Structure formats: structure tokens, C-alpha cells
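The values are calculated or read from the model by the stated rules, or taken from the named source; none is laboratory data. The model shown is predicted, which means the values in this text are computed figures rather than measured ones. Cβ coordinates were reconstructed from backbone atoms using ideal geometry, including for glycine residues, and neighbour counts include every protein chain displayed. Note: accessible area is taken over every heavy atom of the protein model, side chains too, but ligands, DNA and RNA are not part of it. Shrake-Rupley method; radii C 1.70, N 1.55, O 1.52, S 1.80 Å.
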Amino acid sequence: MTFWQQRREGPVLVGSYVQEPLNYYTEEAFDDLEALIEAARDSQVRALVLCGGRPGTFITHFSAEQILAGLRDPARLVEQGPARNHRVTAVTRALGDLPVPVLAAMNGDTMGFGLELSLACDFRIGEEGDYRYGFPEVRLGIIPGGGGTQRLARLVGRGAALDLVLRSRHLRPREACEAGIAHAVVADAVARAIELGQELAGLAPLAVAMAKHAILDGSDLTLPSALALETDASFRAKLHPGAVTALEEYVALPIDRRRDWLERI
């Protein structure tokens, strides 16, 4: 069975997750997700969109049945549990390592691992509706184990993260946007994510990759180390022919038209 269905929208690769009946995430789906990430490394792909392929859900949360089965086998849990968590962490880190922007279209319930996966993306687009975004793990006697506690705290601050995680609070899409978890909330998250992906695909690819690298990899460094990383990324971006093309187009414009050129989308 294919859990992550792939399709192309021009330069945008779209991965839609489908798992009946409620889009719970399962261990078996990780092979497909790794294949999707690898497909996004194709030189013709300029952005990756992740979304739910079932109406009303992105990823509800990880399968509680699979988690419970693991807890009921302590010997196996001790033997295989850390390796499983390392794999989950490696997959979410791989999204950040991609040179192209990754966008999560949160087109339905996005909880547990669904939210962890979204937080590992560069952009998160919420969708209007009676949906929930959050981490239910503590209420279930466990904690997020795929990077959720760390990425959420870095995004919204420790205080807000403690409130959301320890209380297993779920936010509506508009609340998630106000909290800074979602960048926007729209009527059709998938369509908007694809549109934004196509916009980003029109920019110089190495500049996009280096800007992403500088922000994500520099955020955990000391300022001097981060500035050194930015200097290197800036130099590498200038080596791409797209830099010359864009700058030539810009300087050829009359002065009074340059601001409009910079603001176009």
C-alpha cells in the first residue's frame, strides 16, 4: 500500500497522505515518506507540499494502537524504541536538509506526529474549518517524540510550549495562526500551499537553498558562528547564474519601477 501519494504540479511535488479510516500515522508509512523526501531532491522539483489526501484530516496523530502494542512488549520497547525515535527524528530533519522549501498544508486535523511533521516544514498553511492542531501525547501518558517539544518551543517560546504540551491543548486553525504555529489560514490550504510553492519556484534556486540553510542551521549557533555560516551561504548563492539574471533584470528597470518589481508575487 502507498501511504504517501505523489503528484506533480509543475515544479511543485505534492505528497498526499492517506490511511483509512482517519489518517492515523503508522510505522509502515515511513518508507513512503523517505521515498517522497528523496523524490524532492530531483533537480526539476523546486518545492515540496505535504497534505492530507483524506477530507478533513492532514495527519490525525500517530496510531494509538501501534503505540499501545509497543508498550505491552517492554523487552521489544527497550530494544527497538530508541532506534524508532532516531528514525523519526532523522526523517523530520531530512525535511530541513532539503534544498527546496517544504510546505505543510494542514487541511484538517493535525495532531501528534502530524503537527511534528508540520513543524519540521518551512511553511505551515492552516485551513478554515472545525479542525484541531496540537499534541495529545501527555494526556495519553507519553510525550511527543519526533521533535515536537523542541521545534514548538523554538517557534513559540518555552512558556507557550509548556502550556500547549503539558495540558495537551488543541488549537483551532485561527488560534494556531495567532500563536505563530501557522503562517496563514485560508479556505483551501492545499491550493494555497501549491501556489506559494510555485511562487518560490520562480526564484533563484540556490539563493532559496542558501537562505533556508542560513536560517535553519544558523539559529542554533552562537552569533559569530552563525555569521560565518551566513557569509559562506551568501558567497555560494552569488555563484549561481540566477543571481546575475535577476540583478540584470532589476537594474535594467527605471528607478521608479524598481519597488513594484521587488514587491511582485
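Conditions (1) of a type outside the set (A, V, I, L, M, F, W, C); (2) under 18 Å from the mean Cα position of the chain (by Cα), marked per residue:
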residue: A40; (1), (2): no, yes
residue: L48; (1), (2): no, yes
residue: C51; (1), (2): no, yes
residue: P55; (1), (2): yes, no
residue: F58; (1), (2): no, yes
residue: L68; (1), (2): no, no
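Do you know which of the residues in the stretch 132-161 that are among the aliphatic types (A, V, I, L, M) and within 16 Å of G96 (Cα to Cα) is most open to solvent (accessible area, probe 1.4 Å)? Filtering first and then ranking leaves L155.
Yes or no: F30 more than 19 Å from A191 (Cβ to Cβ), aromatic (F, W, Y) and either touching a residue at least 40 places away in the same chain (Cβ under 8 Å) or assigned to a helix (DSSP H, G or I) (or both)? Taking the combined requirement at face value, the residue satisfies it. When the stretch 95-131 is filtered for residues that are surrounded by fewer than 22 Cβ atoms within 10 Å (Cβ to Cβ) and either more than 17 Å from I59 (Cβ to Cβ) or over 13 Å from the mean Cα position of the chain (by Cα) (or both), the ones remaining, listed by number, are G96, D97, L98, P99, D122, E128, G129, D130. Restricting attention to the stretch 113-144, the residues being closer than 14 Å to A189 by Cβ and small (G, A, S) number 4.
So which residues in the stretch 41-52 are surrounded by fewer than 21 Cβ atoms within 10 Å (Cβ to Cβ) and in contact (Cβ under 8 Å) with a residue 24 or more places away in the chain? Correct list: R41, D42, Q44, V45. Taken over the stretch 234-265, the criterion of being part of a helix (DSSP H, G or I), open to solvent by 60 Å² or more (accessible area, probe 1.4 Å) and of a type in the set (A, V, I, L, M) is satisfied by V244, L247, V251, I255, L262. Taking the stretch 138-185 as the region of interest, how many residues are touching a His at 6+ places or on another chain (Cβ under 9 Å) and over 21 Å from T89 (Cα atoms)? The total comes to 1.
Looking at the stretch 24-34, can you tell me whether even one residue there is touching an Asp or Glu at 6+ places or on another chain (Cβ under 9 Å), crowded, with 17+ Cβ neighbours inside 10 Å, within 30 Å of L200 (Cα to Cα) and not hydroxyl-bearing (S, T, Y)? No, there is no match, as no residue in the stretch 24-34 is touching an Asp or Glu at 6+ places or on another chain (Cβ under 9 Å), crowded, with 17+ Cβ neighbours inside 10 Å, within 30 Å of L200 (Cα to Cα) and not hydroxyl-bearing (S, T, Y). Restricting attention to the stretch 9-38, the residues that are farther than 24 Å from E127 by Cβ and over 17 Å from the mean Cα position of the chain (by Cα) total 3. Just one of the numbered conditions (1) touching a residue at least 60 places away in the same chain (Cβ under 8 Å); (2) in contact with a Leu (Cβ under 9 Å, 6 or more places away or on another chain); (3) more than 28 Å from V12 (Cβ to Cβ); (4) not charged (D, E, K, R) is not true of I125: (3). Of the helices (runs of 4 or more DSSP H) lying entirely inside the stretch 39-154, those containing at least 3 residues that are more than 18 Å from I181 (Cα to Cα) are 64-71, 74-97.
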